[in-house]
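S.K.: Below is the structure I would like to discuss, written out as structure tokens.
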Amino acid sequence: MSGFEEGHRAVANIRRLNGENGKSERDKLFRNMARLFSYVSDRCDDQQLAQYDEALCLLAELVELEARAHVARVLAPLKRAPSTVVLKLANDDIEVARPLLEFSNVLSDDDLIDIIQNQSEAHRAAIAGRAAVAERVGAAIVEHGETESVLQLVRNAKAELGRATIEKLVALAADHADLAEDLRNRSDIDWKSLRGEIESAADKVLETLAESEGHFDPVTADKINAVVYKRMRNRAGFNSQEWKQAYNQVRALSERRQLDDRALARFARFGYGHHVAASISVLLRVQPEIVVKWLASQDYAAITVALRSAGFTAELFTALTPTLPWRDLPTPEHEAMMASRFKVLDEAEARNIFELWRTHGFRRRNAAPEPQALSA
């Protein structure tokens, strides 16, 4: 019997396991279903994934903490996992939630921020230690967190700290020696730039930081790349690791029916370009490598037709396209050209063109206009 068949059979038996007598069987089924899914996760279609998600969610309500913790450990490292049960377990007791909060790529920044706001300090500390912590997530930890999670965040070299967050941390450091030391040790903070812009009260703390053990060297500071302040997030350049994470998170949003205009507008507002690209793939049911190819070849025509066929508004289109991880940053002329073509292109016409491309496997070399023809 295949993993899919066994999983389907297990789903059919769940409702027969109510009552105290079924406790051990429920735990066993829950563990086995998670293990089966881990074996076939890369081969599940959307319907199969939804079946596993539904079954695991039902069982999660019926099993003990130890079983839930075991399943969370199984699901945490998977590149693709049932998103509803992952989110459910990530909001569970910290013994259950910790591996998902630390490692799961299925949890979006919005999921993490919601957990930061509504769960325990231990949940926040686990999130603060993730391999990558986005600026928004870090800001939420500083806003809602206590000493443990804030220190964990500052000590995480992969955590992005925005200007406003750093200013709050500097103010907190006035009464916390460990935090002051950890801030001083971060090489991605341009203290010289910050010194001239923050309020005078916090400036005294900077003086303390500069004069503490490990002398503040202004020459060295001038050479520090001001990543926190000057980095252009996702403005140009494709990152394969970021793409994988974004694609998994977008798929999870789609499975929870939360991939809508509001989500897309949020991606644009915060510069989540890889998430925008992944959304195009998921919403239009296009293979990811096709979208990656469009971006790598600066195929403005394909992106314009694709987004017009999806029924996007002109405002949303204008907000999304500059954030995409193109190979090279589009010029203002290219952006204006795409916006102009989008406005005159009829949605039905775009849908027909797009479906023609799909029918021919997106082999469009002789079927579509060159990007420069968009200005026509």
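The values are calculated or read from the model by the stated rules, or taken from the named source; none is laboratory data. Fair warning: this is a prediction, and the values are worked out from it, not measured in the lab. So basically every Cβ, Gly included, is an ideal-geometry build from the backbone, and we count neighbours across all protein chains shown. Note: accessible area is taken over every heavy atom of the protein model, side chains too, but ligands, DNA and RNA are not part of it. Shrake-Rupley method; radii C 1.70, N 1.55, O 1.52, S 1.80 Å.
S.K.: If only one of Ala126, Ala210 is at pLDDT 95 or above, open to solvent by less than 20 Å² (accessible area, probe 1.4 Å) and over 24 Å from Arg269 (Cβ atoms), which one is it?
M.R.: Of the residues listed, the single one that is at pLDDT 95 or above, open to solvent by less than 20 Å² (accessible area, probe 1.4 Å) and over 24 Å from Arg269 (Cβ atoms) is Ala126.
S.K.: Next question, about the same structure. Would you mind stating whether Lys192 is surrounded by 15 or more Cβ atoms within 10 Å (Cβ to Cβ), of a type in the set (D, E, K, R), modelled with pLDDT under 80 and out of contact with any strand residue (DSSP E or B) (no Cβ under 8 Å at 6 or more places or on another chain)?
M.R.: Yes.
S.K.: Is it fair to say Ala50 is small (Gly, Ala, Ser), in contact (Cβ under 8 Å) with a residue 24 or more places away in the chain and open to solvent by less than 10 Å² (accessible area, probe 1.4 Å)?
M.R.: no
S.K.: Pro322 versus (1) farther than 13 Å from Trp357 by Cβ; (2) surrounded by fewer than 20 Cβ atoms within 10 Å (Cβ to Cβ); (3) modelled with pLDDT of 90 or more: which is the lone unmet condition?
M.R.: (2)
S.K.: Further, regarding this structure: Read through the list (1) under 23 Å from Phe267 (Cβ atoms); (2) at pLDDT 95 or above, then give the number of the only condition that Arg80 fails.
M.R.: (2)
S.K.: If I filter region 263-286 down to residues being out of contact with any Ser or Thr (no Cβ under 8 Å at 6 or more places or on another chain) and modelled with pLDDT under 90, which single residue comes out as nearest to Ser309 (Cα to Cα)?
M.R.: Of everything passing the filter in region 263-286, Arg269 is nearest to Ser309 (Cα to Cα).
S.K.: So, one more: All but one of (1) touching a residue at least 40 places away in the same chain (Cβ under 8 Å); (2) in a helix (DSSP H, G or I); (3) within 23 Å of Pro77 (Cβ to Cβ) hold for Ile166, so report the exception by its number.
M.R.: (3)
S.K.: For region 301-344, give me each residue that is hydrophobic (A, V, I, L, M, F, W, C), out of contact with any Phe, Trp or Tyr (no Cβ under 9 Å at 6 or more places or on another chain) and more than 19 Å from Ser281 (Cα to Cα).
M.R.: Across region 301-344, the qualifying residues are Leu329, Ala336, Val344.
S.K.: Note down all Cβ pairs under 7 Å where the first residue falls in region 29-43 and is on the phi < 0 side of the Ramachandran plot, the second is assigned to a helix (DSSP H, G or I) and surrounded by fewer than 16 Cβ atoms within 10 Å (Cβ to Cβ), and they're at least six residues apart or on different chains.
M.R.: Note: pairs meeting the criteria are Leu36/Glu6.
S.K.: Determine, yes or no, whether Ala336 is within 25 Å of the chain's Cα centre (by Cα), in a helix (DSSP H, G or I), farther than 18 Å from Asp261 by Cα and not hydroxyl-bearing (Ser, Thr, Tyr).
M.R.: For Ala336, the condition - within 25 Å of the chain's Cα centre (by Cα), in a helix (DSSP H, G or I), farther than 18 Å from Asp261 by Cα and not hydroxyl-bearing (Ser, Thr, Tyr) - is not met.
S.K.: Give me the residue from region 95-112 that is open to solvent by 30 Å² or more (accessible area, probe 1.4 Å), in a helix (DSSP H, G or I) and not acidic (Asp, Glu) and, out of that set, nearest to Ala126 (Cα to Cα).
M.R.: By that ranking, first place goes to Arg98.
S.K.: Output the number of the condition that Ile224 fails; it satisfies all remaining conditions of (1) at pLDDT 50 or above; (2) more than 21 Å from the chain's Cα centre (by Cα); (3) among the β-branched types (Val, Ile, Thr).
M.R.: Result: Ile224 passes all but (1).
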